[in-house]
Structures are given as C-alpha cells and as structure tokens.
Amino acid sequence: MKFVVDTHTHTVASGHAYSTVQEMAREAYVNDIEMFAITDHGPALKGAPYYYHFTNMRAIPDVLYGVRILKGVEANIIDYNGNLDMPKVCLKRLDFVIASFHDICIEPASIEEHTNAYLNLMKNPFVDAIGHPGTPEFEVDIEKVVSAAKKYGKFIEINNNSFTVRYGCEENCLNFALECKKQGVKIVCGSDAHISFDVGKFDEVYTLLERIDMPEELIMNTKASNFIEYINNKRKRIRMSDLIL
C-alpha cells in the first residue's frame with residue numbers, strides 16, 4: 001500500500017509553517033507524491049491568512065514540478081452548532097475543505113457538544129473531511145460521527161502529525177479507523193506537514209492502517225484519480241445547487 005496523495009499541508013501563509021508553495025511542490029515530487037492539497041489555516045487562528053488568500057488561490061498553478069495541487073483550507077470550527085470561520089462564498093471556490101477543532105479557536109466542552117458540532121457541519125455541502133478527529137481535547141461519540149460521515153458522504157481524516165503533537169490521540173485514531181472500516185466509510189490521510197520535508201510523510205498512519213488491515217478501497221490516498229473523480233463530482237453538485245437556487 002502506497003499513498004500518492006497528501007490531503008493536508010500548510011504553507012508559510014499559515015503563520016506557523018515554514019515553506020512556500022513551490023518548496024512544498026518540489027519536495028512532493030521528490031517524495032513521489034502525485035497530488036497534494038494546500039490547506040492553510042482559516043482566519044480564526046492567529047497568524048493565519050484572511051479570506052482573500054483563499055479566494056485568490058486560483059493564482060497558484062494546478063501543476064508544479066509535475067505534481068497536481070489542490071486548493072483548499074483547514075477551516076476552524078468556531079461554535080458547537082458546527083459553524084466555520086470561512087464564508088460559503090469562499091468555501092465553494094475551493095477543491096478541498098477540511099473542518100477541524102483547535103483549542104486556540106474554541107474552548108473544549110463536552111462529548112455531546114463536540115459531537116453535535118460534527119453532526120451539524122456534516123450537512124455543509126462544501127466540507128469534504130473532518131480534520132484530526134482523534135484530538136483528545138475534543139472527545140466525541142465516534143460511532144455517531146462516522147455514521148453521519150456515511151450519511152452525508154464526508155471523509156474522516158487520519159492525521160500523521162497527530163501522533164507527534166496531539167498526545168494521547170492514538171486510541172481515538174485507532175477507534176475512528178476501526179469504525180470507518182466497520183461502516184464502510186472512506187478515510188483521507190494527511191501529513192499535516194508544516195514544512196516541505198514532511199509532505200507525504202505517513203509513517204504513523206501506515207502502521208495504524210496495516211495493524212487493522214484497512215481495506216484499500218476505503219483509503220482515498222492510494223490513487224490521484226480518486227480525488228479527480230471526487231472533485232469533478234463535487235463541482236457538478238455545487239453548480240447544480242446554484243442553478244436550483
């Protein structure tokens with residue numbers, strides 16, 4: 001099993017990451033990554049870029065050094081109704097939208113409130129994946145969250161960086177992966193790279209998924225074509241929605 005897509009990376013624009021788009025793309029090529037998503041933090045996180053950074057991502061070439069670049073965001077969940085720090089007019093222009101909890105942006109609460117936030121934001125048509133849901137500070141009802149992901153066609157992320165910076169996440173990540181396997185919900189795997197050398201770094205994720213014998217058909221990152229098809233269908237869905245409205 002080999003991943004050729006990295007769905008979660010940060011450039012220097014995030015405020016606490018250290019590489020440019022070009023540096024990220026060049027290192028992705030070196031690491032045999034065919035596609036990666038730029039998912040800089042949303043504006044609620046101090047030091048992160050404002051909305052116009054994301055609306056202007058069309059300036060970034062679709063391909064650099066032979067690597068396909070997806071334009072995205074890691075949006076911050078800002079309340080327990082599942083609202084994000086990015087307006088829909090911005091989200092609809094992006095290829096890939098991750099929604100995540102960060103305790104800098106919202107104070108951890110109860111399992112019920114965390115779960116409710118996820119269940120509500122799953123209804124957002126512009127959200128593609130739940131970012132690092134194994135974060136211990138934001139415990140949830142894993143079965144309910146995965147069921148909602150299945151209902152609304154969202155991805156659950158297994159985040160490689162979590163095993164380094166989110167202490168105590170291992171059991172939650174394992175249980176999320178097991179529940180996704182049980183319910184047949186697709187996962188995405190992100191390095192959460194904050195420097196170019198970490199693009200395509202999945203050591204911890206590989207170990208976890210091999211441990212539970214995760215079926216390859218539930219892992220989006222093994223083929224770039226998986227994302228091309230997904231994004232094309234997403235764009236069609238959004239266009240149809242605009243026509244109906």
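The values are calculated or read from the model by the stated rules, or taken from the named source; none is laboratory data. Please read these numbers as outputs of a predicted model, since none were measured by experiment. In this analysis, Cβ positions are derived from the backbone assuming ideal geometry, glycine residues included, and neighbour counts consider all displayed protein chains.
Some observations on this one:
- Matching entry among 206, 167, 152 (being loosely packed, with under 14 Cβ neighbours inside 10 Å and either touching a Phe, Trp or Tyr at 6+ places or on another chain (Cβ under 6 Å) or of a type in the set (Phe, Trp, Tyr) (or both)): 167
- Positions within the stretch 77-98 being in contact with a strand residue (DSSP E or B) (Cβ under 6 Å, 6 or more places away or on another chain), hydrophobic (A, V, I, L, M, F, W, C) and assigned to a loop (DSSP other than H, G, I, E, B), in sequence order: 86, 94
- Neighbours by Cβ (under 9 Å, 6+ apart or cross-chain): first from the stretch 1-30, of a type in the set (Ser, Thr, Tyr) and surrounded by fewer than 21 Cβ atoms within 10 Å (Cβ to Cβ); second part of a helix (DSSP H, G or I) and modelled with pLDDT of 95 or more: 18/12; 18/196; 20/12; 20/13; 20/196
Matching residues to (1) over 20 Å from residue 3 (Cβ atoms); (2) in contact with a Lys or Arg (Cβ under 6 Å, 6 or more places away or on another chain); (3) surrounded by 20 or more Cβ atoms within 10 Å (Cβ to Cβ); (4) acidic (Asp, Glu):
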| residue | (1), (2), (3), (4) |
| --- | --- |
| 44 | yes, no, no, no |
| 50 | yes, no, no, no |
| 54 | yes, no, yes, no |
| 65 | no, yes, no, no |
| 75 | yes, no, yes, no |
| 80 | yes, no, no, no |
| 87 | yes, no, no, no |
| 96 | no, no, yes, no |
| 99 | yes, no, yes, no |
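- Summed over the stretch 39-77, residues that are touching a Ser or Thr at 6+ places or on another chain (Cβ under 8 Å) and of a type in the set (Gly, Ala, Ser) total 4.
- Qualifying positions in the stretch 98-121 - touching a Phe, Trp or Tyr at 6+ places or on another chain (Cβ under 7 Å) and in contact (Cβ under 8 Å) with a residue 40 or more places away in the chain: 117
- Filtered residues of the stretch 41-80 (kept if over 12 Å from residue 100 (Cα atoms) and among the aliphatic types (A, V, I, L, M)): 48, 57, 59, 60, 63, 64, 67, 69, 70
- Residue in the stretch 68-76 that is in contact with a Cys (Cβ under 6 Å, 6 or more places away or on another chain) and either part of a strand (DSSP E or B) or modelled with pLDDT of 95 or more (or both) present: yes
- Qualifying residue in the stretch 209-232 (condition: buried (at least 22 other Cβ atoms within 10 Å of the Cβ), modelled with pLDDT of 95 or more and farther than 24 Å from residue 73 by Cβ): yes
- Any hit, the stretch 156-172, residues being at pLDDT 95 or above, outside any helix (DSSP H, G or I) and of a type in the set (D, E, K, R): yes
- Failed criterion for residue 125 (all others in (1) free of Cβ contacts under 8 Å to residues at least 60 places away in the same chain; (2) part of a loop (DSSP other than H, G, I, E, B) hold): (1)
- When the stretch 176-207 is filtered for residues that are among the aromatic types (Phe, Trp, Tyr) and assigned to a helix (DSSP H, G or I), the ones remaining, listed by number, are 176, 197, 206.
- Scanning the stretch 20-41 for residues that are out of contact with any helix residue (DSSP H, G or I) (no Cβ under 8 Å at 6 or more places or on another chain), under 20 Å from residue 159 (Cβ atoms) and part of a loop (DSSP other than H, G, I, E, B) yields a total of 3.
- For the stretch 100-113, the condition holds for at least one residue, the condition being that it is hydrophobic (A, V, I, L, M, F, W, C) and assigned to a helix (DSSP H, G or I).
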